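In what follows, a single structure is set out as structure tokens and then discussed.
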Amino acid sequence: MHLQPALMIPSPSAKFFNRAAPELPIRSPSLVAKQTTLSTQRSPTSAILLPQSQDSPLACVRLDMEDLQCFERVERQFDAWGVVFKNAIALHPSNPAFPTRTGKTVLTGAPHSSWIGVQFHRPVSYVSGFVTSSRQLALSAYNAADQLVAKSEIPSANLLDSTSMYPPNLQLSVRGQAITRIVFHAFNGQFTLDELVFTNEAVSGRSLPL
């Protein structure tokens, strides 16, 4: 059964993405359509500096989404951590097919339902996130010259239902040199993103903002 889009938000310019994003959502993370005005006030946000390990000798940063308000447009809330989001809002999913991994807050694409972009102020070498999608989903990483550095994907939907071959909240990750932006892209679908983690060589050996 196809659900109607939960959010109808005026579309800003989507220059961040190289091609026009599809606007044909298949399933909505929210079961009930809601009329809402997105908050322009930025929530106080934080991130966690993960300890170094043998597998990850450089410091990793995990963004904390729980301080975001539901339906808040997410763009520069994590600017102090060197991250800018494009085409993203915070959401508390009410559709059980889109369970959260931790807490109650995830990100989803809006106004275009099928993609979320992330720009890094400084090049990173590793990015990961936990995603639940109604369609095949790809994570693509690009350098400053807009060349594809790395890519990973889920071949098909991973909803919490009997039709999905993959479990929800699968971790997608990419590694490469001098990654300056990434794009999560579900092909004509909708998805949620939780626990974005990245490794930035510039943070190794020094303190990050709190």
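The values are calculated or read from the model by the stated rules, or taken from the named source; none is laboratory data. If you're wondering where the values come from, they're calculated on a predicted model, not measured in any experiment. Backbone-built Cβ (ideal geometry, glycine too); neighbour counts: all protein chains shown.
Annotations
- Elements of type strands (runs of 3 or more DSSP E) contained in the range 77-170, each with 3 or more residues being over 16 Å from GLN190 (Cβ atoms), β-branched (Val, Ile, Thr) and at pLDDT 95 or above: 115-133
- For the range 137-156, a tally of residues being of a type in the set (A, V, I, L, M), over 10 Å from ILE182 (Cβ atoms) and over 16 Å from the mean Cα position of the chain (by Cα) returns 3.
- Screening the range 82-109 for residues that are within 12 Å of the chain's Cα centre (by Cα) and over 13 Å from LEU63 (Cβ atoms) and picking the one that is surrounded by the fewest Cβ atoms within 10 Å (Cβ to Cβ) gives LYS86.
- Scanning the range 181-189 turns up at least one residue that is part of a strand (DSSP E or B), touching a Lys or Arg at 6+ places or on another chain (Cβ under 8 Å) and either crowded, with 19+ Cβ neighbours inside 10 Å or polar (S, T, N, Q) (or both).
- Test set (1) in contact with a strand residue (DSSP E or B) (Cβ under 7 Å, 6 or more places away or on another chain); (2) surrounded by fewer than 17 Cβ atoms within 10 Å (Cβ to Cβ); (3) among the basic types (Lys, Arg) - ARG135 fails condition number: (2)
- Taking the range 102-145 as the range and being closer than 17 Å to PHE198 by Cβ and of a type in the set (D, E, K, R) as the test, only ARG122 passes.
- Looking only at residues in the range 191-205 that are among the hydrophobic types (A, V, I, L, M, F, W, C) and not in a strand (DSSP E or B), the one that is modelled with the highest pLDDT is ALA202.
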